[in-house]
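**Q** Quick one: the structure is below, and I'll ask about it shortly.
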């Protein structure tokens, strides 16, 4: 249906949703979001103030609120004009309706400022996108002090908001928080998305995995973000999302415009599971880089935990041989191959091959890796520099800094001023040289510290660095992808610090967390799966005791956990026993048989260790399914569990393959009675393959 207009009511439609707003003299009024209702049935009453302290501007459910008049609620836009006026009065000017897009034009009634609200409809995917564009159509400067991309008003109170908290190594701690008559703020202020809150919102009152109304939205931005949920005293709930206004300001000179990041949002009556599957499909098909979004991800080996900074060509070649024997398809060398990089204290920024470690350059290692039938990948951290480096000694002015202040290091490094063209040219130049001179198929792009002394002395408006930094980084990646379309990129930021839609438009996958403990990963990956698809989640099998938790978990459990994403190996495989190598070969071979289901299938969270004894996740792709089940801790003598599957067809028969047996059952049986599994002992796990006959 797309778009429909009835008088001043505008209806935006997807396959199963309707979004309605109304054009009025004073503002755009939000009307409805949810199930489809005949547009001609809507008839809003005139808004009246409650009292002199409760104006119509605070009472109204606005489609786009702004700082001005008697507004004291959270707003989407705040500007300062050159004459010092910090007040907006936006008037409706025009609306353009297309099959899959709506553009609403607003203009200040005195100053030369224009705002465009843009809605893009993904009808079949049941997703609507919204962004905001602000234009300076006059002569004088305009400073944007705050710009949010999205505002939604929901009738009633009693909503809960879902998101994640945490820190490095502890990403993805799910929480459910009441809003009521309060304001809940989710944000990042570190320069990237960070390891705590994530730039999305999920609102519900009583939803479960498979039932209940859920309102959700995801911001396509990889920087300081802010999401505000506000319970209003007038009986409705608001949610706003966009760029964080913390220390932020964007200047528009004559003729300039700024387009906000896009929010992709939706509604379902069928719980969190339907929300997740819808977003996974949408992200795979519409956000991820098109030249790789339909490709199977290879099994990766990364040498970091085997060598740390003690990288030597011959040792890497030995690791590559062992990785090939296990069945790996991509060999990645991590930190330590460049400059005087023998620890994290020196060498970062000096992107030349260390001649002591690689006397003949990277070519002998790459040639050996390619001869083994694997692709080659490499780690870089282009946005950072060590003070103890040739680059910093030559260009100390290339880092973010304030006058009369000493720069603060973190992990012994500083942040390069990516808003400087010279820095952009340097970063693009060394990566271009690295890729043009070497047969490299994969780049792991890291970012191991947040910003401090966030001053870009080259900018007229120095508080715009938060936006301009991210723009510069992604522009470099975009240019590299255009020149080297067969090179694939991973976004890493000390683990999951760049897990967001902003980065996945330019990168092919995320490094989800530096925490590779398989028990912790079950919870981290479950939280990740609420929004983001398995194909973008790189997950490693590493050695035990785990470096972070000191926990020892059986190798099979570790593999099953990592097989729920894109499988990688990160242990010191030169030290693995024959038994461990045989287990690894078997598990990698098994993964290759089912990875298309995991990477492209629909996900169902069947059981969660947050609430249950076992953890069980199912993936369904057409007539195939795979179910991973984990028993972290056996209680008493209980070892048998029955798990009801989902997403199958009731009237079809399926071949069920477990580690112990093969049998045949109807879809109706598997979904209503279930599969029976026996898991004995702590950290037991299984993978069950189900295929339609």
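No lab work stands behind these numbers, since they all come straight from the coordinates. On a predicted model such as this, the values are computed, not experimentally measured, just so you know. With ideal geometry, Cβ positions are generated from the backbone for all residues, glycine too; neighbour counts draw on all protein chains shown.
**Q** Report the label-to-label distance for residue 552 and residue 15 in nanometres (one decimal), using points 7 Å from each Cα along the Cα→Cβ vector.
**A** Each label point is offset 7 Å from its Cα along the Cβ direction, giving 5.0 nm.
**Q** How many angstrom lie between the Cα centre of the stretch 348-395 and the Cα centre of the stretch 200-229?
**A** About 41 Å separates the Cα centre of the stretch 348-395 from the one of the stretch 200-229.
**Q** Order of 313, 407 from fewest to most other C-beta atoms within 10 Å? Write down the numbers at each step before the final one.
**A** Working: 313 22, 407 16.
Listed from fewest to most nearby Cβ atoms, that is 407, 313.
**Q** Right, here's the next one. What does DSSP give for the stretch 397-513 in terms of the percent of beta bridges that are antiparallel, rounded to the nearest 5?
**A** 20 percent
**Q** Between residue 94 and residue 574, what length in nm is gained on full extension when 0.36 nm per residue of separation is reduced by their alpha carbon distance?
**A** Details: separation 480, 0.36 × 480 = 172.80 nm, distance 6.74 nm.
Going from the current span to full extension adds 166.1 nm.
**Q** Determine the calculated [θ] at 222 nm for the chain from helices alone, applying -39500 (n - 2.57) to every DSSP H run no shorter than 4 residues and normalising by the residue count; nearest 500 deg cm²/dmol. Intermediate results must be reported in sequence, preceding the final value.
**A** On the way: 13 runs with 137 residues, N = 693.
Helix-only estimate at 222 nm: -6000 deg cm²/dmol.
**Q** Set the Förster distance to 30 Å, then compute FRET efficiency between residue 661 and residue 592 from the Cβ-Cβ distance, nearest 0.05.
**A** Working: r = 22 Å, r/R0 = 0.75.
That gives a FRET efficiency of 0.85.
**Q** Using R₀ = 56 Å, calculate the FRET efficiency as 1/(1 + (r/R₀)^6) where r is the Cβ-Cβ separation of residue 296 and residue 51; round to 0.05.
**A** Details: r = 63 Å, r/R0 = 1.12.
Working from the Cβ atoms, E equals 0.35.
**Q** Right, here's the next one. What FRET efficiency comes out for residue 653 versus residue 175 if R0 is 45 angstrom and r is the Cβ-Cβ distance? Round to the nearest 0.05. It would help to have the intermediate numbers written out before the result.
**A** Details: r = 42 Å, r/R0 = 0.93.
So the FRET efficiency works out to roughly 0.60.
**Q** Can you tell me, using C-alpha contacts under 8 Å and at least 6 residues apart, the relative contact order of the chain as a whole percent? Can you show the working numbers first?
**A** Details: 1637 pairs, mean separation 66.0, N = 693.
Across the chain, relative contact order equals 10 percent.
**Q** Now, a different point. Give the separation of the Cα centroids, the stretch 41-69 to the stretch 520-536, in Å.
**A** 40 Å
**Q** Could you give the nm distance between label points at residue 412 and residue 82, where each point is 7 Å from its Cα heading toward the beta carbon?
**A** It is 5.0 nm.
**Q** Antiparallel as a % of all DSSP beta bridges within the chain, to the nearest 5? Let's see the in-between values first.
**A** Details: 131 of 159 bridges.
Around 80 percent of the beta bridges assigned by DSSP in the chain are antiparallel ones.
**Q** Relative to a virtual label point 7 Å from the Cα of residue 439 in the Cα→beta-carbon direction, which members of the stretch 361-393 show backbone nitrogen distances below 17 Å?
**A** Zone members listed by number: 361-378.
**Q** Need the full-extension length gain, residue 23 to residue 124, defined as separation in residues times 0.36 nm minus the C-alpha distance. One decimal, nm. Intermediate values should be presented prior to the final figure.
**A** Numbers: separation 101, 0.36 × 101 = 36.36 nm, distance 2.67 nm.
So the extension gain works out to 33.7 nm.
**Q** While we're here: Report relative contact order for the stretch 487-599 in percent, whole number only (criteria: Cα-Cα under 8 Å, sequence separation at least 6). It would help to have the intermediate numbers written out before the result.
**A** Values: 149 pairs, mean separation 24.6, N = 113.
It comes to 22 percent, rounded to a whole number.
**Q** Points 7 angstrom from Cα along the Cβ direction at residue 183 and residue 210: gap in nanometres?
**A** The answer from the label model is 4.1 nm.
**Q** Given axes a ≥ b ≥ c from the Cα gyration tensor, I'd like to know whether the stretch 3-287 is rounded (a/c under 1.5), prolate (a/b larger than b/c) or oblate.
**A** Details: a/c = 1.42, a/b = 1.18, b/c = 1.20.
It is rounded, given that a/c, with a ≥ b ≥ c, falls under 1.5.
**Q** Quick one: length gained pulling residue 40 to residue 112 fully straight, 0.36 nm per residue minus the C-alpha distance? Could you put the intermediate results ahead of the total?
**A** On the way: separation 72, 0.36 × 72 = 25.92 nm, distance 3.55 nm.
Result for the pair: 22.4 nm of gain on full extension.
**Q** By DSSP, what percent of the beta bridges with both residues in the stretch 3-287 are antiparallel, rounded to the nearest 5? All intermediate terms of the calculation are to be shown ahead of the outcome.
**A** Values: 93 of 95 bridges.
If I count the DSSP bridges inside the stretch 3-287, around 100 percent turn out antiparallel.
**Q** Can you put 479, 642 in order, fewest other beta carbons within 10 Å first? Walk me through the numbers on the way to the answer.
**A** Numbers: 479 14, 642 9.
By the 10 Å Cβ count, ascending, the order reads 642, 479.
**Q** I would also like to ask the following. Under 8 Å for C-alpha pairs, at least 6 residues apart: give me the relative contact order for the stretch 292-370, rounded to a whole percent. List each step's numbers first, then the result.
**A** Numbers: 95 pairs, mean separation 25.6, N = 79.
Normalised by residue count, the contact order of the stretch 292-370 is 32 percent.
**Q** Further question: On a C-alpha basis, how far is the centre of the stretch 603-648 from the centre of the stretch 1-36 in Å? Whole number, if you could?
**A** Here the answer is 41 Å between Cα centres.
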